[in-house]
Amino acid sequence: MGDYFERIVDVEVTGEEARPLAERMVGWMVAEGLITRELSSDGVYSLTVDEGYVPGPHWARAVADSSDPEWLPGPVAVIVGRDYHVGGQGADEAEYAVCPRCQTRTVIINYPEEFEANEEVWQPFKDGIAAWKETGEGRAPCSTCGASVPVAQWQWESNFAVGALAFDFWGWPPLSAGFCATFSRQLGHRTAEHMGKF
């Protein structure tokens, strides 16, 4: 069994912009009837947040299929603060990262031969992310072109993202592509989407 989530991460917002933007997005979702202002901790297992907004009367507008009358989604947790986000189940490192300068893919976990990160390859990224979380500035070097690239600019594999604002939809049916596109437009930034299980 387990509890499932779908996450939308804003990968462009700054740490300073994240809280006001989160408040604006909550207001928009409330106005659309997707959530209410009521908070609940039922079924919320986000790493840094233990409660979320209860679904509103029009939550079904956000999902691809709402035909199951028994399905009642859980709360939407809003995570504010610089952090890295991982989809799937149990992973803590990115499989790869692509340099935005030269487009070289740095393999961190060599699937399917390996199932754990190459620590020597991962360490510069890990250090850069830790510095970014602490100060808003963190870089990782590209082993091909030599550029020292901010960690927020690296292109991560689909189950890994760094960002200062994320929304965890706990127990919702899969979100529709149209809703995700609208959500990104409302944010005004590029987003990453994950699915995972706690």
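Helical content alone sets the calculated 222 nm signal of the chain at -7500 deg cm²/dmol, taking -39,500 (n - 2.57) per DSSP H segment of four or more residues and averaging over every residue. The angle between the Cα long axis of helix 15-31 and the main principal axis of the chain comes to about 30°, on a 0 to 90 degree scale. In this view, the solvent-accessible surface of residue 122, computed with a 1.4 Å probe and all protein chains in place, comes to about 10 Å².
Counting 0.36 nm for each residue step from residue 116 to residue 103 and taking away their Cα separation leaves a gain of 2.4 nm. The local environment of residue 18, defined by Cβ-Cβ distances under 12 Å, has a net charge of -3 under the rule Lys, Arg +1 and Asp, Glu -1. Each of 120, 137, 32, 6 has its accessible area taken with a 1.4 Å probe; listed largest first, they run 120, 137, 32, 6. May I ask for the distance between the Cα centers of the range 34-60 and the range 173-197, given as a whole number of Å? Cα centres, the range 34-60 to the range 173-197: 16 Å.
Pairs of Cα atoms nearer than 8 Å and 6+ residues apart set the relative contact order; for the range 47-160 it is 24 percent.
Angle of helix 177-187 to the longest C-alpha principal axis of the chain, folded into 0 to 90 degrees and rounded to 10: 80°.
Sequence-distant contacts, meaning Cα pairs under 8 Å at least 6 residues apart, place the relative contact order of the chain at 38 percent.
Given a 1.4 Å probe and the protein chains as shown, residue 50 ends up with an accessible area of around 110 Å². Taking all protein chains together and a 1.4 Å probe, the residues 195, 25 rank 195, 25 from largest to smallest accessible area.
The values are calculated or read from the model by the stated rules, or taken from the named source; none is laboratory data. Please read all numbers here as calculations on a predicted model, not as lab measurements. With ideal geometry, Cβ positions are generated from the backbone for all residues, glycine too; neighbour counts draw on all protein chains shown. In case anyone asks, the SASA skips ligands and DNA or RNA and just uses the protein heavy atoms, side chains included. Shrake-Rupley method; radii C 1.70, N 1.55, O 1.52, S 1.80 Å.
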